[in-house]
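The values are calculated or read from the model by the stated rules, or taken from the named source; none is laboratory data. Nothing here was measured: the structure is a model prediction, and the numbers come from that model. So basically every Cβ, Gly included, is an ideal-geometry build from the backbone, and we count neighbours across all protein chains shown. SASA here: full protein model, heavy atoms, side chains in, ligands and nucleic acids out. Shrake-Rupley method; radii C 1.70, N 1.55, O 1.52, S 1.80 Å.
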Amino acid sequence: MGKWIRRIIILASLIMLIPNIFSFFSELGSDIPKHIRDEVESGNAIVYDVNEEVIVDQDTINFKHVVRTEDETMVIYEVHKHEPGWSFPTGALELKDEDGNDYSIQGGGSAGKPWGSIITMGYEPLPENVESIILDFNWYDRSFQLEVSLIGEGNSHG
Amino acid sequence: MGSKKIQAVLEWALALVLIFFVVKDSSYLNYYHLSPIKAHEQSERTFYYGPSEIIEEFDFGDIRIYLAKYKDWFSANTVTKYAGVFWQPGSHVNGFKIEEEEDISYTWSSSKINEELMLMKYYGIVTNPKIDKVELDVTVGYVWDEEVPEDDIETLSESLDDHRMFLFHWNENEDNYLALALRGLDEKGNIIYEENLR
């Protein structure tokens, strides 16, 4: 009797944890969308790895990449949520260059994950001479600035 | 201890570890709360706002409104009851700027709570110390730009407390009010502030 109770518990728990297990393994793959990887391969996009972590309240924002193309500048980041609730205010994250020019958001998307979401935001394209950008977050009394250097050829991988 | 026993102990241990993860990661258990204030606090936390100072709590059975202030902002966050026992974050957790140079900072919001209740909130904070009372003129049965005769205007009124905040609310399914004007009066009844809302 006890044997079956514990086995049913194990099985039921595993079923409930399927999304977590699945996302754990899919994490090991690339976090750059396929169509951008294609662009990179054909030489139309440059990927810069960021790998910077910022804490906003109890959540962790993981900036992964900045992708630069002729049409847009993509900022790819993960929002690791400590608890479920409102989604990250993507509109409060502005993209600026060293001279203070603003590049507005053209579009974006987010993919939900058991731990939060992966966000891909597209901003206006950067002029060629811009070598460093500032990700500027302002939301009520919360704020952070993250400088990202865009010097060099970036990373060819996807 | 026989090998069967060891296996049983290990399986129970595995079962407990898995239950722990299921409970820890359950969005259900992390999102719904037994107390409305917990839902309010979580709503603000995950919105990266506050924690605000609750000025007044309004209890309408299946909903609670928290009239609150946080630094330079005011808000009227709403939480709603779920499945009879739980509370969940509702709407309008966001704070609005208190405009010090204005006499009254106000906003309004409407949200569908359920089939019966369409909750309208007109709320704000008064910065002009001379204002003692806030009035809201409303009417029913007129469209946006239509002239409304005096007799058809109803005036809702609220005396201010020390916290200087006010909230007018109604169910739009019962009273389909059109807000006409917001007024601030001093203690003698003189109009200090008047804003046409149309």
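Taking only the Cα atoms of region B:116-198, the ratio Rg/Rh comes out at 0.98, with Rh defined as the Kirkwood radius.
Among B:Y70, A:T60, B:A179, whose Cα sits farthest toward the positive end of the charge dipole of the protein assembly as shown (+1 at Cβ of Lys/Arg, -1 at Cβ of Asp/Glu, about the Cα centre)? Of B:Y70, A:T60, B:A179, it is A:T60. What FRET efficiency comes out for the pair B:F58/B:V143, r = Cβ-Cβ distance, R0 = 41 Å, nearest 0.05? For B:F58 and B:V143, the calculated efficiency is 0.85. Each Lys and Arg contributes +1 and each Asp and Glu -1, all at the Cβ; summed about the Cα centre of region B:1-145, the dipole is approximately 1160 debye.
What percent do you get for the relative contact order of chain A when only Cα pairs under 8 Å and 6+ apart count? 21 percent. Ranked by the mean number of other Cβ atoms within 10 Å of their residues, highest first, the peptides B:96-104, B:39-47 come out as B:39-47, B:96-104.
Rounded to the nearest 500, the 222 nm mean residue ellipticity of chain B from helices alone is -6000 deg cm²/dmol, with -39,500 (n - 2.57) taken per DSSP H run of at least 4 residues.
For peptide A:132-145, the mean count of partner chain Cβ atoms within 10 Å of a residue's Cβ comes to 2.
In region B:1-80, carbon and sulfur make up what percent of the accessible area (probe 1.4 Å)? Here it works out to 63 percent. From most to least packed by mean Cβ count within 10 Å, the peptides B:111-117, A:83-89 give A:83-89, B:111-117. So the label point goes 7 Å from the Cα of A:I134 along Cα→C-beta, right? Which residues of region A:93-122 then have their backbone N under 17 Å from it? The answer is A:93-104, whose backbone nitrogens lie closer than 17 Å to the label point.
Per residue, the accessible area of region B:52-164 comes to 52 Å², computed with a 1.4 Å probe over protein heavy atoms only. Per the accessible-area calculation with a 1.4 Å probe, the total area buried between chain B and chain A rounds to 2500 Å².
Take the Cβ-Cβ distance between A:I105 and B:L167 as r, set R0 to 30 Å, and report the resulting FRET efficiency rounded to the nearest 0.05. So the FRET efficiency works out to roughly 0.35.
Short-range pairs are left out: with C-alpha atoms under 8 Å and at least six residues apart, the relative contact order of chain B is 14 percent. Here the protein assembly as shown is treated with +1 on each Lys and Arg Cβ and -1 on each Asp and Glu Cβ, and its dipole about the Cα centre works out to around 3200 debye. Relative to the current alpha-carbon distance between B:D175 and B:L34, full extension at 0.36 nm per residue lengthens the span by 47.6 nm. Give me the percent of accessible area attributable to carbon and sulfur for region A:1-141, probe 1.4 angstrom. That share works out to 54 percent.
Among the lysines of region B:98-198, pairs that are 8 or more positions apart or on different chains and have alpha carbons within less than 25 Å of each other number 5.
Charge dipole (Cα centre; +1 on Lys/Arg Cβ, -1 on Asp/Glu Cβ; no other charges) of region A:1-92 amounts to roughly 940 debye. Averaged across the residues of B:22-30, what count of C-beta atoms belonging to other chains lies within 10 Å of each residue's C-beta? The shielding value for this peptide is 3.
Counting only DSSP H runs of at least 4 residues, each contributing -39500 (n - 2.57), and dividing by the residue count of chain A, the helix-based mean residue ellipticity at 222 nm comes to -6000 deg cm²/dmol. Peptide A:83-92 shows a mean partner chain C-beta count of 5 within 10 Å per residue C-beta. Using the alpha-carbon positions of chain A, Rg (one decimal) and Dmax (whole number) come out as 19.0, 72 Å. Per residue, region A:1-144 exposes 53 Å² of accessible surface when a 1.4 Å probe is rolled over the protein heavy atoms with every protein chain present.
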